[in-house]
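Notes to accompany the following structure.
Just so it is clear, none of the values below were taken in a lab; they were calculated from the coordinates. Treat the numbers as computed from the prediction; the structure is a model and nothing was measured. Cβ sites come from the backbone with ideal geometry, for glycine too, and all protein chains shown count toward neighbours.
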Amino acid sequence: MSIKRQQVIDALKQVIFFAKQNNIVDLNMIDDIEIKDKNIKVTIIFPKLDDPAVGIVYNSVVKTLKQELGDDITVDVKPVSEADRGRGPLAGVKNIIAVISGKGGVGKSTVSANLAAALMKSGSKVGILDADVLGPSVPIMFGVEGQQPGVIERDGKPVMLPLENYGIKILSIGFFVKPDQALMWRGSMANNAFNQLMTDSEWGNLDFLIIDMPPGTGDIQLTLAQSYNIKGTVLVTTPQKVAAADVRRAAMMYRQEKLTIPLLGIVENMSYFTPSDMPDKKYYIFGQGASDQLANELNIPVLGRIPIMEKVVETGDSGMPITLVEDNPVSRAFMDIAGKLKRMVEDM
């Protein structure tokens, strides 16, 4: 007796996805069913593939189908993510770019904010997510400190609406804590907060989502690599050898076999000092060469070199990234970096 598709569907209605308190058929999680003799292949869509529920549903599908259709059948279950099927909260985001560094103090958040601004100025739809949960600074840089995102309900679940300023969508853990509140979180708590910002939010259609990552190689970095479809990473360093050594370790994390994410290039921040009254002068306060050496080792380009200027601090503190303010060496450098990134992702 041949197995009918409807028999498989009826059996799968017994399999419950407890996170949404319903069966996987009614939740529209069944992507495909293939039947050949006594071999059944079921493709199931999950919000995230690192969810422990994937294994629970997997085992339940195999057990249920064998109970209902015979122990002699072969069951193959293929889990896929919502992102793989163009579904879920990040389905409208074309390119996710993570901005990373090996250590704090190299200006990673400044680079993230101005890169987002430059991409927006070049005509792209852009969002920025402040994932540095222990030191969120993006709200200050975009002039939205003290504000909170909106909330809507979808399928009985609250969903955050990012704030928007200067045409850029913005989310940060900084919206949910007081300025003088110290976040004494274990890794799992920070990781959960990051996942909520990523997936419990309505990002809509974006050409680029820039993620300002925390420094180092911790839980959030692992989650990013394992659970999300990242187009690539931008490494931020300063010309000092010690900064380049730290970013080298962060870069190599994403070149491990199970965590492979493209390294798009290096942004050398604080590359040289240019006095505002002498725009043609360059003083290499932190030295030269370390970023180029690192780029050669990793076989990636130096995307740009950002000079030190007083206005970078002034504009960031006043709530408008310098790239949005005026034409100057810093804004021109970021516009050039944005153009390179857009060409790179188009060719990928």
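With coordinates expressed along the principal axes, the C-alpha atoms belonging to the stretch 5-82 extend over 31, 19, 18 Å, beginning with the largest. For the peptides 75-81, 97-103, the ranking by packing is 97-103, 75-81, with the highest mean count of neighbouring Cβ atoms within 10 Å listed first. Taking the charge dipole of the stretch 57-112 about its Cα centre, with +1 at Lys and Arg Cβ atoms and -1 at Asp and Glu Cβ atoms, the residue from Val93, Thr74, Gly105 reaching farthest to the positive side is Gly105. Toward the positive end of the charge dipole of the stretch 93-346, with +1 on the Cβ of Lys and Arg and -1 on the Cβ of Asp and Glu, the farthest Cα among Gly143, Val234, Pro329 is that of Val234.
Ordering Ile266, Ile140 from the fewest to the most neighbouring beta carbons within 10 Å gives Ile140, Ile266. Dipole magnitude for the chain: computed about the Cα centre from +1 point charges on Lys and Arg Cβ and -1 point charges on Asp and Glu Cβ, it is near 540 debye.
Quick one: net charge of Ile210's neighbours, Cβ under 14 Å, K/R +1, D/E -1?
The answer is +3.
For the stretch 5-82, the relative contact order comes to 33 percent (Cα pairs under 8 Å, sequence separation of at least 6). Once backbone amide H atoms are built at 1.01 Å from N, Ile285 has Phe273 as its partners under 5 Å, excluding neighbours fewer than 5 places away on the same chain.
With contacts taken as Cα pairs under 8 Å and at least 6 residues apart, the stretch 93-346 reaches a relative contact order of 27 percent.
Couplings for the stretch 159-174, taken from phi via the Karplus curve 6.51 cos²θ - 1.76 cosθ + 1.60 with θ = phi - 60°, read 10, 7, 9, x, 5, 9, 8, 6, x, 10, 7, 9, 9, 7, 5, x Hz in order; Gly and Pro are left as x. In the chain, helical runs assigned H by DSSP with n ≥ 4 each contribute -39500 (n - 2.57); averaged across all residues and rounded to the nearest 500, the mean residue ellipticity at 222 nm is -10000 deg cm²/dmol.
Of all DSSP beta bridges confined to the chain, the antiparallel ones make up roughly 30%. Amide H contacts under 5 Å for Ser172: Asp130, restricted to partners 5 or more places along the chain or on a different chain, H placed in the peptide plane at 1.01 Å from N. Cross-link partners for Lys121 among the lysines, with Cα-Cα distance under 25 Å and sequence neighbours closer than 8 places in the same chain left out: Lys94, Lys108, Lys169, Lys231, Lys311, Lys340, Lys342. If you wrap the tightest convex hull around every Cα atom of the stretch 20-124 and split its volume per residue, you get 159 Å³. Note on Lys41: lysines with a C-alpha under 21 Å away, same-chain residues under 8 apart excluded, are Lys4, Lys13, Lys63, Lys66, Lys78.
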